[in-house]
1. Consider the stretch 212-228. How many of its residues are more than 19 Å from residue 169 (Cα to Cα), of a type in the set (D, E, K, R) and open to solvent by 70 Å² or more (accessible area, probe 1.4 Å)?
2. Please go through the stretch 166-187 and give me each residue that is aliphatic (A, V, I, L, M) and either surrounded by fewer than 18 Cβ atoms within 10 Å (Cβ to Cβ) or within 19 Å of the chain's Cα centre (by Cα) (or both), ordered by number.
3. Just to verify a result, which residue in the stretch 365-419, among those that are modelled with pLDDT of 85 or more and of a type in the set (Val, Ile, Thr), is surrounded by the fewest Cβ atoms within 10 Å (Cβ to Cβ)?
4. Within the group 107, 51, which residue is open to solvent by less than 40 Å² (accessible area, probe 1.4 Å), closer than 30 Å to residue 148 by Cα and modelled with pLDDT of 90 or more?
5. When only residues in the stretch 430-464 that are aromatic (Phe, Trp, Tyr) and under 21 Å from residue 333 (Cβ atoms) count, which is surrounded by the most Cβ atoms within 10 Å (Cβ to Cβ)?
6. Is it true that some residue in the stretch 345-357 is under 20 Å from residue 457 (Cα atoms), open to solvent by 10 Å² or more (accessible area, probe 1.4 Å) and hydrophobic (A, V, I, L, M, F, W, C)?
7. Taking into account only those residues within the stretch 66-92 that are under 20 Å from residue 50 (Cα atoms), open to solvent by less than 30 Å² (accessible area, probe 1.4 Å) and not hydroxyl-bearing (Ser, Thr, Tyr), which is nearest to the chain's Cα centre (by Cα)?
8. For the stretch 32-53, enumerate the residues that are touching a Pro at 6+ places or on another chain (Cβ under 9 Å) and more than 17 Å from residue 87 (Cβ to Cβ).
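The values are calculated or read from the model by the stated rules, or taken from the named source; none is laboratory data. For clarity, every value in this text was computed on a predicted model and none was experimentally measured. Counting neighbours? That spans all protein chains shown, and the Cβs are built from the backbone with ideal geometry, glycine included. Quick note on the areas: whole protein, heavy atoms, side chains included, nothing else; ligands and nucleic acids left out. Shrake-Rupley method; radii C 1.70, N 1.55, O 1.52, S 1.80 Å.
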Amino acid sequence: MFHGLQAGGAGLPFHAPTWEDSERWWRTVANALPAAVYMTDRAGRIVFYNEAAADLWGCHPQVGKSEWCGSWRLYKPDGTPLPHDECPMAITLKTGTPVRGVEAVAERPDGTRIPFMPYPTPLYDAAGNLTGAVNMLIDLTDRAHALQLKQQLASIVESSDDAIVSKDFNGIITSWNRGAERVFGYSPEEVIGKSITILMPPDRYDEELSILERVHRGERVDHYETVRRRKDGGLINISLTVSPVRNAEGKIIGASKIARDITERKNADAQQTLLTRELHHRTKNLFSVVQAVVSRSFAGKHTVEDAQSAVLDRLHSLAQTHMLLLEKNWEGTDLLELVRNEMRPFTNRVMISGPTVMVTPQAAQNFALALHELVTNAAKHGALSVADGRVVIEWTADMAEGRFTFCWQERDGPTVLSPTERGFGSTVLEQVMARYFEMQTQLDFAPEGVSYQMAGPLDAIITAATVSSTLAAGGGARSSGGASAGAPRS
């Protein structure tokens, strides 16, 4: 018992706190702590735990019976089981020394696992004898979640097909993912620590200053389309998104960039625009041709039925030519295929000879119309109107001189009479090829058979593919099925 000082002659006794008072006070303080705290005796039996410990364990262990730790089960950080008698608290009681810097995982009865860091400390009496230990458990759930989120984010960044790059306010690259290596061709070792301008063509340097100014103001740059340079020097189109990077205090310390290679999309857009324009152009041309066919087909016809038949036949010929062009992606068609297509009903009575000539779509349409008029006339009035009549079709392509010639000659047909009037067919044969392709044409109605000659500049009707294919073939004549020039072919 302690006594206080006397004041004013009157003694005021002061009683020292009892052991029970001290324990009660300690328990009150421990229960007020937000951290999990519990105590054991020297044998490891739990003699006290606060509510925070019960919350962490998810259960209330039996005081005086439960040993070492109040958790349902224990695991090491790698997930392997940790026996209670090998836990950090047990080690402290067995060795008499504190355990620091280790982690463990407590499993609650409902299966929830809580990562924690223990701080077991031995307790000694005045004589230095070990009496037990006190342990504080720090819940690492938030840290584990943050670490897991960080790892997931890092995995997403690393596996992204987009280039994800971070830099400081001096424009120095500080991180570089695999997507950036794929897009730009540089490895992380080659660019980290270097200026971001290594990726920029000289005429794009001003963009970097503008982007950094916006990031300084806390602004985000969304889907900015620009051009960047790869390691091999090639230029690529990219869509750029730039965001401020902040530290824990919220201060902007740099920028992160996501760059998506949109070169293929740009090329596809350009191709689509080109195709749209080309389709518009071809449609206009086709309508012009159809209009001419329809309007001129009535010339010289005595009945609507005759005119209708002529229009349908000519449009059918155009349609067949369009199918050939579609098969070649509208890049042109082989003159031989075009001729064979028009002459199909008279296969055994036609002799064809000529080198490979890929004619342009416009030339193909007009050739088809010209051939259709020749075939129609021959079938009605010429060599193809009798059983023994035949037609010889020949053409040449002189690459050295840049000249093209085409010849249609009918043989063994009835005696030819010169027409008294010229219709749409004559217009196509004599005027269209001359006007649009600078060809000199001659249509001759000789008694022994109709002949049609055409000659002019080769480059007016051919595609670029003709040059290489003609040179590869040696510029010689070609005939289907291996037949020699001038021989009948099927």
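1. Residues that pass the stated criteria total 1.
2. If we filter the stretch 166-187 for residues that are aliphatic (A, V, I, L, M), which is where we start, we get 172-173, 180, 183.
Within the stretch 166-187, 172, 180, 183 meet the criteria.
3. 415
4. One residue alone meets the criteria, 107.
5. Looking at residues that are aromatic (Phe, Trp, Tyr) and under 21 Å from residue 333 (Cβ atoms), I get 452.
6. no
7. Here the answer is 74.
8. Across the stretch 32-53, the qualifying residue is only 52.
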